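First the structure, in the form of structure tokens, and then the observations on it.
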């Protein structure tokens, strides 16, 4: 049977085109020979092939590449309060210090580990007697306005601090310090006597002589440079806005291109200011800000932990019970102070008030600090032992009533029976949720062993002027933030009992003073350890205070903010910004080796 015409044609085509793979021209002609259904199937196959190829390629890229920080983006943080003096030599509040940390640089700085490292200085030397410190400035340093930074700026800063007309809170830190210009890049400090923490003092930001020299010292606090400063830090001032009352409500800084540690990754940081933590937390909840200076424990459960990361930092702060025997005779008796200490349930306070977010402490020397000794411990919670001590002091539980009494030593003129004395203490604290809950538990503890406890809750506006400065309290529950480099001297030496000293337990003991004097004069950390141990042991023996807990500093930020993982320890809230030039919100991928 002869072949069909179509078969003959196909055979002829095959003979003419011996290639098995169609050419590009042939592929282009393919749609002409396909019907609609075949075209649709072809398109689907091609899309699947393309999608699979892209997916495989992307997976390969992800597997063989890493994400690294990329410059750009912005971050907005909420602060409590408002800026007043963004000036390193005049600042007194946390908001000002936060902004100073971004805008200024000192000869030294604290890194993210809380260690002192050179900042504007490229290096330094200390003589054998630890009285002469010599610093070399880094090359090519510039202020934000492009003016070169020289040793003259260092000399001007120190002389301004020492000038009484400036009323700098740092004046005492530089008492007895002579500063000398060796050349434009070398400066020398000479101390009257060795002072081990001196390097930490030199973290103070240097201010520009060329901007400040014509401003009279007595009116320095009024200068606009305190709001729009010229510094040398990782960021410089961009814009600020004020409300109708003249208060700053927004403050924006931008990355400084010529920062001596390299331009920061985040291009812009915005600050918004709130009157209290409640308002700040609401702003964080509503996504008006990306972070908050600090998160009080009571607000922790209100935030979306899918969006917010809690950066838990070690912070040299402790809450303690301080005594003022001048306002209550019973507090002069060590056994009574001991009874008060034995009857406080610290575990309950830690769990109920802080949710376990902290640690119980036994002295003002905290873990990680020079002189910390885990073997130095206060006696455990023992209300029965406390009751026995009160019995020894002749404070008896009456047949009727809830509080201990003892016969009055006063005599009645009309021979009527004098009412017995009731054992009463007045317990004062600041009107903050955490503190109020703490004193409520202490009140319950003390009243359970027969001590009537009156609470005095004082507003934040009054606590410092009306209570702290005047020492107008019998017993005070308060939190203290300590400088790990200056040590416990400012808080526990008897010379600091009265304002402006910081010793809130108005007691005095020669052994404690001697140990603190030796520690303060020590040239090395090793030389401090034994006197600090003596100090702690004596402090506990005499029950100068009741140490409650060291809280965790919780710094909440959005999870998109990266670069904070190495941040572990801060001396001050502003130290959370110590490595801000390494933070980032944008990334890019590069192939790994």
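Read the figures in this text as sums done on the coordinates, not as results from a lab. It should be emphasised that the depicted structure is a prediction, and the values quoted were computed from it without experimental measurement. Ideal geometry is used to build each Cβ from the backbone, glycine not excepted, and the neighbour counts take in all protein chains shown.
Points worth noting:
- Computed from Cα positions, the angle between helix 383-392 and the longest principal axis of the chain comes to roughly 20 degrees.
- Note on the range 210-317: Kirkwood radius taken over Cα pairs, Stokes-Einstein applied at 37 °C and 0.692 mPa s, translational D equal to 194 µm² s⁻¹.
- Crossing angle, helix 5-16 versus the chain [Cα axis fit, 0-90 degrees, rounded to tens]: 70
- The listed peptides 344-355, 211-222, 138-149, 481-492, ordered by packing as a protection proxy, come out as 481-492, 344-355, 138-149, 211-222 (highest mean of other Cβ atoms within 10 Å first).
- Fraction of antiparallel bridges per DSSP, the chain only, in percent to nearest 5: 75
- Expressed per residue, the C-alpha convex hull volume of the range 59-193 stands at 199 Å³.
- Quotient of C-alpha Rg and 2.2 N^0.38 Å, computed over the range 465-593: 1.46
- Quotient of Cα Rg and 2.2 N^0.38 Å for the chain, N being how many residues it contains: 1.37
- When the inverse distances between all different Cα atoms of the range 366-448 are averaged and flipped, the Kirkwood radius reads 16.6 angstrom.
- Oblate is the label for the range 58-138, because a/c, from the alpha-carbon gyration tensor with a ≥ b ≥ c as root eigenvalues, is 1.5 or above and a/b does not exceed b/c.
- Between 0 and 90°, nearest 10: helix 36-63 axis offset from the chain longest Cα axis: 40
- Estimated from helical segments only, the mean residue ellipticity of the chain at 222 nm is -8000 deg cm²/dmol, where each DSSP H run of four or more residues counts as -39500 (n - 2.57).
- For the range 311-394, the convex hull drawn through the C-alpha positions has a volume of 128 cubic angstrom per residue.
- Rg [Å, one decimal], Dmax [Å, integer] - the range 231-292, C-alpha atoms: 13.9, 39
- At 1.567 mPa s and 4 °C, Stokes diffusion of the range 106-186 via Kirkwood alpha-carbon radius, µm² per second: 92
- Length released on extending from residue 523 to residue 457, taking residue separation times 0.36 nm less the Cα-Cα span: 19.5 nm
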